[in-house]
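Asks: Supplied in structure tokens, the structure appears directly below.
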Amino acid sequence: MSLSPTLIILAALALIGFFIWFLYNNLIRAKIRVSEAWSGIDVQLKRRSSLIPNLLAAVKGYAKHEKSVFENVTKARSALLGAKDAKEAGIADNMLAGALKTLFAVAENYPKLQASENFKELQEELSDTETKIAAARQFYNANVLDYNTKIKVFPNIILASLMGFKPEPFFEAGDKSKEEIKVQF
């Protein structure tokens, strides 16, 4: 019994269809993992942003004449909350890290502030949040690496190009973010 050419062509087309279906679903899963990982960063960035008004209020009580420091922190926080993607968030996060370093440097000049229980709790919470942001950043960047690799390797690159899959940006720590935020008790 021989197979007809039509049956062979249909089988080959079915195999190609299943292969494309498999590649497409694999790319979609990787893209969804990137989105899910980004939401983890977003949650932690919003958590940190929600701590900042309380931190500013605690410091303002002791350092009223440091108006420019408070304005810089507020601007950086607003930029972070308004970021639309990982690249904008990375830039805003770098700005905020620098502004917070300045704020903590100012706080060092006020021993009563350093002794304040409220200020200590806020510093601990911020330190914990920074650790969570670093972990979320690492998870996000690992997923971006996986996704970007998948859309660049053969044969995925053909399907990815045809379907409009674009590389995702890494959430990179800028020079200011790489420096440790000094939290003293």
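Each value in this text was obtained by applying a stated rule to the coordinates, not by laboratory testing. The model shown is predicted, which means the values in this text are computed figures rather than measured ones. Every residue, glycine among them, receives a Cβ derived from its backbone with ideal geometry; neighbour counts consider all protein chains shown.
Asks: Which of the helices in the chain, when you take each full DSSP H run, stretch at least 27 Å along the axis at their Cα atoms and have an average Kyte-Doolittle score of 0.5 or higher?
Replies: Values: long enough: 5-60 (82 Å, 0.82); 86-107 (30 Å, 0.80); 117-152 (52 Å, -0.94).
Taking the DSSP H segments of the chain (at least 27 Å long, mean hydropathy at least 0.5), we get 5-60, 86-107.
Asks: Looking at this model, which pairs from Lys75/Lys150; Lys101/Lys166; Lys75/Lys120 are more than 31 angstrom apart at the alpha-carbon?
Replies: Lys75/Lys150; Lys101/Lys166
Asks: Can you give the extra length, in nm with one decimal, that the chain gains between Ile20 and Ala115 once fully stretched, where that is 0.36 nm per residue apart less the Cα-Cα distance?
Replies: Details: separation 95, 0.36 × 95 = 34.20 nm, distance 6.30 nm.
Here the segment from Ile20 to Ala115 would lengthen by 27.9 nm.
Asks: While we're here: For the chain, just list the percent of Cα-Cα distances falling in each 10 Å bin from zero outward, please.
Replies: In order of increasing distance, the bins hold 9, 29, 23, 15, 10, 7, 4, 2, 1, 0 percent.
Asks: For Phe139 and Glu124, compute 0.36 nm times the residue count separating them, minus their Cα-Cα distance, and round to one decimal in nm. Walk me through the numbers before you get to the answer.
Replies: Working: separation 15, 0.36 × 15 = 5.40 nm, distance 2.29 nm.
Extra length available between Phe139 and Glu124 comes to 3.1 nm.
Asks: Now a separate question. Could you sort 114-120, 86-92, 4-10 so that the peptide with the highest average Cβ count within 10 Å comes first and the rest follow in order?
Replies: Working: 114-120: 14.3, 86-92: 18.7, 4-10: 9.4.
Highest mean packing first, the order is 86-92, 114-120, 4-10.
Asks: With respect to the cross-link table entries Lys31/Lys84; Lys132/Lys152; Lys46/Lys152, which display a Cα-Cα separation exceeding 26 Å? Display every interim value, and only then the final one.
Replies: Values: Lys31/Lys84 17 Å; Lys132/Lys152 30 Å; Lys46/Lys152 32 Å.
Pairs exceeding the cut-off: Lys132/Lys152; Lys46/Lys152.
Asks: Moving on to the next point. What number, rounded to the nearest 500 deg cm²/dmol, is the helix-based mean residue ellipticity at 222 nm of the chain, given -39500 (n - 2.57) per DSSP H run of at least four residues and division by all its residues? Mind showing how you got there, number by number?
Replies: Numbers: 7 runs with 146 residues, N = 185.
Here the helix-only value at 222 nm equals -27500 deg cm²/dmol.
Asks: Taking neighbour Cβ counts within 10 Å as the exposure measure, how do Glu121, Glu130 sort from fewest upward?
Replies: Values: Glu121 13, Glu130 18.
Final ranking by Cβ density, sparse to dense: Glu121, Glu130.
Asks: Could you size up the charge dipole of segment 5-178 around its Cα centre, putting +1 on the beta carbon of Lys and Arg and -1 on that of Asp and Glu, and report it in debye to the nearest 20? Mind showing how you got there, number by number?
Replies: Working: 23 positive and 18 negative charges, 58 e Å.
Magnitude of the dipole: close to 280 debye.
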